[in-house]
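The structure under discussion appears below in the form of structure tokens.
The values are calculated or read from the model by the stated rules, or taken from the named source; none is laboratory data. Everything quoted here is computed from the prediction, not taken from an experiment. Cβ sites come from the backbone with ideal geometry, for glycine too, and all protein chains shown count toward neighbours.
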Amino acid sequence: MEDKQIVALFWKRDERALRETDRQYRPYLTRVAHNILCDRQDEEECVNDTYLRAWNAIPPHEPVRLSTFLGKITRRLALDRFAARTAEKRGGGTVPLLLEEFRDCLPEQTTDRVTDTIVLRDALNRFLRGLSSEHRRIFVCRYWYADSVRAIARQQNSSESRIKMILLRTRRDLKHFLESEDIGL
Amino acid sequence: MKEQKLLQVFGDIDDDLIEEATHRARPILLYRIGACAAALLLVAAIALLSFGKFTPLMSDPAVTTTVPVHHTATQQATTTKKLPEIAVIPHWEDKTLAERFPEATYGGNTYIVTNHTMDPQFVGQKIGSVTVHGEDVYTDTAHTTTAVLYAVKNIAQHCAVAVQYKDSNAYYSAIQSWYTPKTLGQFVEDLNLEHYLEVGAVYAENSHTPQDHLLSKQDVLRLLREDLSLPNVHDDRYWYKPVFSISVGIPVLGIENVSMAVTADGYLTTNLLRTGKAFFIGTERVEALLQELNITTTTRTTATDNSTTTSKPAVPPVISPPYIPE
């Protein structure tokens with residue numbers, strides 16, 4: 001079933017929408033949750049919560065790309081769950097590593113102003129669109145999907161050291177870009 | 001923390017950027033290895049010709065052909081030589097639809113389309129439509145078209161599908177080449193091996209002669225069914241050295257002569273559907289199999305015999321790695 005048809009089922013409040021969504025997107029959403037949480041039970045709960053959020057969000061939303069619409073919900077829920085888990089001192093997952101890597105991207109604070117998240121998002125989109133297709137895919141795989149360097153290397157038919165080098169350079173470029181855009185965090 | 005905010009906001013980047021990241025790089029086997037092989041063949045052919053080894057062949061106009069030889073696609077260098085036809089990267093117009101548009105992504109799965117066209121009787125229900133992309137490496141031109149994906153009857157959708165391109169009646173088989181079953185049971189069920197598996201000759205270690213009919217399909221299925229709960233413990237870093245291997249295939253998908261092997265240290269391995277899979281059946285079971293088939297081996301080891309295992313981990317990776325859905 002195509003995305004449009006599934007979204008139409010959501011709009012009709014037809015529960016087949018959930019079955020079809022589960023059939024088509026559970027592996028994808030589990031991958032998103034797994035990379036952040038690394039815990040089967042948490043992943044399953046996170047994916048199930050995604051379906052509930054989607055049910056509540058559509059309507060009024062009418063997503064064009066259902067996969068990324070759901071993926072964004074899963075990612076957000078997984079990060080929230082990770083934060084709660086950290087508070088319970090359970091930790092784990094790849095998030096601490098990603099946060100440490102993201103420190104390379106933080107701009108030197110030239111302004112006291114804190115940038116609105118929408119402005120920051122637009123800046124990130126502009127930065128990503130300025131990258132080569134390959135470097136963009138690698139960067140998004142790492143920091144959106146939270147894929148391991150090894151998995152990215154396998155996906156891109158490349159070596160792990162080359163992927164690490166591309167990520168390092170792209171993080172530095174992002175830092176300079178955010179500074180040039182006068183972004184404050 | 002600032003980096004947390006950055007990580008959160010990164011989640012809201014545009015959808016097309018997120019989707020683009022799921023596209024894989026061009027498969028090495030199809031292009032790089034193909035280009036290397038073509039270059040090696042060219043060098044070998046020129047060397048042989050320079051020694052006059054092919055004079056009778058070249059003097060026969062019936063078997064002589066003039067082909068433009070492309071050293072690499074990016075160099076765009078063409079040399080017209082009289083040569084026996086050798087492997088070259090085909091031009092766009094010479095490619096099949098599967099070669100032009102080799103990947104189809106749907107529902108989080110990426111399928112590699114093969115040149116095998118399927119008998120329509122095996123084609124199941126329509127799954128959905130996708131836009132597929134191709135690249136003419138000679139002119140650096142991007143192409144797109146649409147294709148409809150169909151299930152293959154009684155084979156799980158996350159393993160393989162049939163692809164029908166726009167304006168074509170053919171159904172090409174497409175393999176989800178990152179398919180990783182969690183258990184032996186899932187592997188057998190997903191691919192419906194009971195129905196679709198084909199078994200060929202057995203190749204024993206230290207023997208270059210394949211032995212036909214040493215194992216029947218029912219023998220192999222019996223081995224697979226012994227413990228369907230066995231987890232897939234394949235680890236890319238581990239060297240699975242076979243003591244004998246069986247040529248297996250799934251003809252409906254165009255898969256032929258792929259190895260299913262048994263290792264001295266107790267694994268049943270296969271690379272059906274391209275990724276490696278390994279199930280620990282135990283050294284005792286392997287010993288029994290070797291006796292049943294009357295196969296002798298020089299590198300046979302047991303769990304207690306470490307004399308020949310110095311290059312391998314002391315403990316085999318029998319613990320399942322974390323589940324990574326792909």
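Points to keep in mind about this one:
- Test: residue A:185 is under 28 Å from residue A:37 (Cα atoms), within 9 Å of chain B (Cβ to nearest Cβ), hydrophobic (A, V, I, L, M, F, W, C) and not in a helix (DSSP H, G or I): yes
- Of all residue pairs spaced 6 or more apart or on separate chains, those with beta-carbon atoms under 8 Å, a first member in segment A:66-80 that is more than 7 Å from every other protein chain (Cβ to nearest Cβ) and assigned to a helix (DSSP H, G or I) and a second member that is buried (at least 22 other Cβ atoms within 10 Å of the Cβ) and polar (S, T, N, Q) are A:66/A:21; A:70/A:21; A:70/A:50; A:73/A:50; A:74/A:50; A:77/A:50.
- Strands (runs of 3 or more DSSP E) (entirely within segment B:117-209) containing at least 1 residues that are within 29 Å of residue B:243 (Cα to Cα) and more than 14 Å from every other protein chain (Cβ to nearest Cβ): B:172-175, B:198-204
- Residue in segment B:228-243 that is of a type in the set (Lys, Arg), in a loop (DSSP other than H, G, I, E, B) and either under 20 Å from residue B:291 (Cα atoms) or under 21 Å from the mean Cα position of the chain (by Cα) (or both) present: yes
- For residue A:163: the one exception among (1) under 24 Å from residue A:28 (Cβ atoms); (2) crowded, with 16+ Cβ neighbours inside 10 Å; (3) facing chain B (nearest Cβ under 9 Å): (3)
- Yes/no for residue B:89 being modelled with pLDDT of 70 or more and buried (at least 16 other Cβ atoms within 10 Å of the Cβ): no
- A single entry from B:139, B:131, B:110 fulfils the requirement of being under 21 Å from residue A:155 (Cβ atoms) and either in the same structural domain as residue B:231 (by TED's automatic domain parsing) or in contact (Cβ under 8 Å) with a residue 40 or more places away in the chain (or both): B:110.
- When segment A:121-148 is limited to residues that are buried (at least 18 other Cβ atoms within 10 Å of the Cβ) and over 15 Å from the mean Cα position of the chain (by Cα), the one that is modelled with the lowest pLDDT turns out to be A:131.
- From A:23, A:31, A:40, A:13, residue being charged (D, E, K, R), without any contact (Cβ under 8 Å) to a residue 24 or more places away in the chain and closer than 23 Å to residue A:142 by Cα: A:40
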